[in-house]
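Undergrad: Pasting a structure below so you can have a look.
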Amino acid sequence: MEILSLYNNLNTFLIIGALLFSMGVYGLVTRRTLIGMLIAAELILAGASINFMAFNRFTAPDPQVGQIFTLFIMAIAAAEAAIGLSIVVAIYRNYKSIDAEDLVELKG
Amino acid sequence: MNVPLPNADHLVGIVFLIMIGLTITGGVIACNANRLVRAVAGLVVCFVGVAGLYYFLNSPFIAMMQMLIYVGAVAVTISFAIMFAAPEESKKHGPPGTLAGPFGLITAGLLFGGFTLLALKTDWQVHAKINDGSVETMGKLLLTEYAMVFELISIVLLTAIIGALIIARRGRSS
């Protein structure tokens with residue numbers, strides 16, 4: 001019954017965090033639309049938060065700091081989503097597209 | 001070998017496995033779905049799983065905040081943006097970027113392998129806890145030791161809201 005006590009192990013959470021992070025990076029480099037990239041960035045932030053919380057629970061002396069840091073990551077992610085999406089709306093109004101490859105006006 | 005009857009510990013382990021499954025399934029859907037609406041749905045599933053993981057990490061308050069902020073606010077905001085600005089997804093024209101396809105997969109795989117090796121090979125030092133991780137202590141810390149950071153994050157959020165409104169309004173033909 002080794003697999004059922006996985007939740008008491010630091011490495012489990014670190015590997016899940018790494019998996020979320022790499023899935024986010026994969027989505028970030030393969031997505032063609034800006035909103036898809038934003039979704040992938042949220043995955044990256046979730047992976048980082050899981051890492052903070054795992055170290056906070058298992059190794060850190062003060063189990064408050066990681067929670068507070070994760071709370072601030074959430075606030076920053078909310079601000080990032082709001083600003084990013086308003087930029088997407090503004091881009092869509094000007095270009096009638098949210099495809100990242102269409103934004104090449106400065107290319108000449 | 002006699003199989004022990006399922007008890008509370010096994011139930012906890014099974015719930016944890018379900019949470020891992022939700023997280024990974026949601027993440028895969030979020031970065032692979034063809035339509036953006038499905039990607040957002042996958043993101044919601046992934047965040048519910050992450051909230052469950054936070055609960056297993058002794059932080060029910062952070063789990064609740066995860067549900068409130070991510071599932072309740074961020075996902076809804078992204079859905080609004082999709083309804084505003086994504087008329088038709090997957091009009092695949094032109095060649096994909098150089099990093100799309102196998103190169104992206106290799107990049108992600110290398111990152112995952114590197115982080116996993118780093119996690120497994122390092123000898124993490126465990127320190128004794130100096131307080132419990134309760135919500136009460138966290139509230140006190142937020143108003144004493146981290147009061148400056150707390151105020152700064154409030155200002156950042158306020159600026160972000162106003163800036164988002166201004167950016168989204170500008171250029172509107174009125």
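The values are calculated or read from the model by the stated rules, or taken from the named source; none is laboratory data. Everything quoted here is computed from the prediction, not taken from an experiment. Heads up, the Cβs are rebuilt from the backbone with ideal geometry, glycines too, and the neighbour counts pull from every protein chain shown. In case anyone asks, the SASA skips ligands and DNA or RNA and just uses the protein heavy atoms, side chains included. Shrake-Rupley method; radii C 1.70, N 1.55, O 1.52, S 1.80 Å.
Undergrad: Quote to one decimal, in nm, the extra length available between B:D9 and B:S154 on full extension: 0.36 nm per residue of separation minus the C-alpha distance between them.
TA: Computed gain between B:D9 and B:S154 is 48.1 nm.
Undergrad: Something else now. Loop-only trypsin sites (Lys or Arg not before Pro) in region B:96-156, please: DSSP not H, G, I, E or B, and at most 14 other Cβ atoms within 10 Å. Mind dumping the intermediate values first?
TA: Values: sites: B:K121, B:K129, B:K140; in loops: B:K129.
Those that pass, being in a loop and sparsely packed, are B:K129.
Undergrad: Which value, to two decimals, describes the C-alpha radius of gyration of region A:1-52 once divided by 2.2 N^0.38 Å?
TA: The value comes to 1.36.
Undergrad: With +1 on each Lys and Arg Cβ and -1 on each Asp and Glu Cβ, how big is the dipole of the protein assembly as shown about its Cα centre, in debye rounded to the nearest 20? Don't skip to the answer; put the middle values down first.
TA: Details: 16 positive and 16 negative charges, 184 e Å.
So the magnitude is around 880 debye.
Undergrad: Another question, then. Can you classify region B:1-75 as rounded, prolate or oblate using the Cα gyration tensor, where a ≥ b ≥ c are the square roots of its eigenvalues, rounded means a/c under 1.5, and otherwise it's prolate if a/b beats b/c and oblate if not?
TA: In terms of gyration-tensor shape, oblate.
Undergrad: Would you mind classifying region A:3-96 by shape? Square roots of the alpha carbon gyration tensor eigenvalues, ordered a ≥ b ≥ c; an a/c under 1.5 is rounded, otherwise it is prolate if a/b is larger than b/c and oblate if not.
TA: On the way: a/c = 4.69, a/b = 1.92, b/c = 2.45.
Verdict is oblate for region A:3-96.
Undergrad: Related question: To the nearest 10 square angstrom, how much accessible area does A:D99 have with a 1.4 angstrom probe?
TA: It works out to around 10 Å².
Undergrad: Estimate the FRET efficiency between B:L68 and B:H127 by the formula 1/(1 + (r/R0)^6), using the beta-carbon distance for r and 30 Å for R0, to the nearest 0.05. It would help to have the intermediate numbers written out before the result.
TA: Numbers: r = 31 Å, r/R0 = 1.03.
Result of the calculation: an efficiency of 0.45.
Undergrad: May I ask for the Kirkwood hydrodynamic radius of chain B, worked out over all distinct Cα pairs and given in angstroms to one decimal?
TA: When all Cα pairs of chain B are included, the Kirkwood radius is 20.7 Å.
Undergrad: Further question on the same structure: Compute the whole-percent fraction of alpha carbon pairs in the protein assembly as shown spaced more than 36 Å apart.
TA: In whole percent, the share of Cα-Cα pairs in the protein assembly as shown beyond 36 Å is 21.
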